[in-house]
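Visitor: What follows is a single structure, and I will ask about it in a moment.
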Amino acid sequence: MAAKLCLLALLISFLLAAPRAGATASGHRIFRATMTRSQKSINFTQAAHKSRQRLSMLAARIEASTVLSAQTPLQQDSGGGDYVMTFSAGTPPQELSALADTGSDLVWLKCGACKRCSPKGSPSYYPNASSSFSKLPCSNGLCRNLEATCTGGAGAECDYTYYYGLSVSSHHYTQGYLAAETFTLGGDAVPGIGFGCTTMSEGGYGTGSGLVGLGRGQLSLVRQLKVGAFSYCLTSDPTKTSPLLFGSGALAGAGVQSTPLISGASPGYYAVDLQSISIGTVTTPGTGESGGGIIFDSGTTLTFLAEPAYTAAKAALLAQVKLPAASDDDDVCFQTSGGKAEVPPMVLHFDGGADMALPANNVFVPVGSGVICWVVQKSPSISIVGNIMQMDFHIRYDVDKSVLSFQPANCDSL
């Protein structure tokens, strides 16, 4: 009898010590969402144009880091580079979608009819139809982080105008009031998420109902969920959804690489130290930590390298690709035989010994008539790892510990 009681006690202890379903070993809950690429194919010319616009806005934010609420939105990329997150808000749940953006913090949704809101034609969230909706007062900590203008005292409604760009003259902004609501991610309802209930907005925000900020600031969904980390895996198959996991545990298995996140001149961005680049048999200098490092960004389609890293990498590539050039501008494109060609492998070497060996499809994209183009562009300012280069990697952002990890992955299996 004593032996049975002892075994029972051990079993109970094991069950209590084991992590819950939907939780990591550290006790953080895991919330699952999905992302969908808005276009099934990438138009290289349009993607390059939109990526350069995004680059300019990211750089502008760094230059204006002392300007009130200078953030950078994920603009609609008609070339196919934006990712839309699906979730629900309210009680009962109202199914919505919004752009998932690692380059900004505020979560906001179009509220009500919102006739002066962008994007037009997408579903709105209706606060009057939800029993869990509440407005947040100026005394709320999120309101203070938003740096809203409050004129009616601590108990007044937290009204705001949140500008995306260099100054208050920007044509990218959202205006409304701060509120709290229950968000449903996958099958999990999370109460008390602070978000902007938008009554007026202008700018390019894709085809969804707003924007979900995934940045490093206190307003972001990552911080509000108190999960410590999040991860995603952008599938290269445009017909499938990509998993977005909040509270995901440390990556495990073969091929896991980790590198420290840096702050430097890139406040709020997920930047790392790119120490060198290997192209075939040649290793060239990276971007280093100066200038803010290189930013992993979900909203930029192509990859950008600042000088002198770009010119050195381009020269190494041109010296090893034995194909006729197929462009007479800044793009690096080659004419192939039926779209098939041998190209030198490309590896990004980060601080801490993390090596990102890139598949050919993450480095070159077909643009038609047998022409392939290098996804790397020259930057006049900052450096960015775009979302094509991130495809089919499980990428984890540990916000609490300031570490970025990645490994090659089958996104369907996550």
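Visitor: Restricting attention to segment 358-369, does a residue exist that is more than 28 Å from residue 214 (Cα to Cα) and in contact with a Ser or Thr (Cβ under 6 Å, 6 or more places away or on another chain)?
Guide: no
Visitor: Checking the condition at pLDDT below 55, part of a loop (DSSP other than H, G, I, E, B) and small (Gly, Ala, Ser), which residue from 65, 69, 41, 13 passes?
Guide: Testing whether each residue is at pLDDT below 55, part of a loop (DSSP other than H, G, I, E, B) and small (Gly, Ala, Ser) leaves just 69.
Visitor: From (1) of a type in the set (A, V, I, L, M, F, W, C); (2) in contact with a Cys (Cβ under 8 Å, 6 or more places away or on another chain); (3) at pLDDT 95 or above, pick out the condition that doesn't hold for residue 200.
Guide: Among (1) of a type in the set (A, V, I, L, M, F, W, C); (2) in contact with a Cys (Cβ under 8 Å, 6 or more places away or on another chain); (3) at pLDDT 95 or above, the lone unmet condition for residue 200 is (3).
Visitor: Going residue by residue through segment 232-252, is there one that turns out to be touching a strand residue (DSSP E or B) at 6+ places or on another chain (Cβ under 6 Å), part of a loop (DSSP other than H, G, I, E, B), modelled with pLDDT under 90 and under 15 Å from residue 108 (Cβ atoms)?
Guide: No, every residue in segment 232-252 fails to be touching a strand residue (DSSP E or B) at 6+ places or on another chain (Cβ under 6 Å), part of a loop (DSSP other than H, G, I, E, B), modelled with pLDDT under 90 and under 15 Å from residue 108 (Cβ atoms).
Visitor: How many residues does segment 253-288 hold that are of a type in the set (S, T, N, Q) and not in a strand (DSSP E or B)?
Guide: Going through segment 253-288 one residue at a time, the tally reaches 3.
Visitor: Specify which of the listed residues (104, 139) is part of a loop (DSSP other than H, G, I, E, B) and under 28 Å from residue 231 (Cα atoms).
Guide: 104
Visitor: Next question. Residues 283, 207, 241: which one is open to solvent by 10 Å² or more (accessible area, probe 1.4 Å) and closer than 30 Å to residue 321 by Cβ?
Guide: 283
Visitor: Just checking, how many residues over segment 147-180 are at pLDDT 90 or above, within 28 Å of residue 57 (Cβ to Cβ) and open to solvent by less than 60 Å² (accessible area, probe 1.4 Å)?
Guide: Qualifying residue count, segment 147-180: 5.
Visitor: Got at least one residue in segment 336-352 being at pLDDT below 95, open to solvent by 20 Å² or more (accessible area, probe 1.4 Å) and of a type in the set (S, T, N, Q)?
Guide: Scanning segment 336-352, I find at least one residue that is at pLDDT below 95, open to solvent by 20 Å² or more (accessible area, probe 1.4 Å) and of a type in the set (S, T, N, Q), so the answer is yes.
Visitor: While we're here: So, residue 388, is that one touching a strand residue (DSSP E or B) at 6+ places or on another chain (Cβ under 7 Å) and not in a strand (DSSP E or B) or not?
Guide: Yes; evaluated as a whole, the condition is true for this residue.
Visitor: Follow-up. Could you grab me the full set of residues in segment 294-335 that are among the aliphatic types (A, V, I, L, M), open to solvent by less than 10 Å² (accessible area, probe 1.4 Å) and assigned to a strand (DSSP E or B)?
Guide: Matches in segment 294-335: 294, 295, 305.
Visitor: Can you tell me which residues in segment 210-227 are part of a loop (DSSP other than H, G, I, E, B) and open to solvent by less than 10 Å² (accessible area, probe 1.4 Å)?
Guide: 214, 215, 220, 227
Visitor: Looking at 364, 406, 350, 393 in this structure, which one is touching a His at 6+ places or on another chain (Cβ under 9 Å) and at negative phi?
Guide: 406
Visitor: Does residue 370 meet the test of being touching an Asp or Glu at 6+ places or on another chain (Cβ under 9 Å) and either closer than 13 Å to residue 302 by Cα or open to solvent by 10 Å² or more (accessible area, probe 1.4 Å) (or both)?
Guide: Answer is no for this residue.
The values are calculated or read from the model by the stated rules, or taken from the named source; none is laboratory data. Given the structure is predicted, the values throughout are model-derived calculations rather than measurements. A quick note on method: Cβ atoms are made from the backbone with ideal geometry, for glycine too, and the neighbour counts reach across all protein chains shown. Protein only, heavy atoms only, side chains kept; ligands, DNA and RNA dropped before computing areas. Shrake-Rupley method; radii C 1.70, N 1.55, O 1.52, S 1.80 Å.
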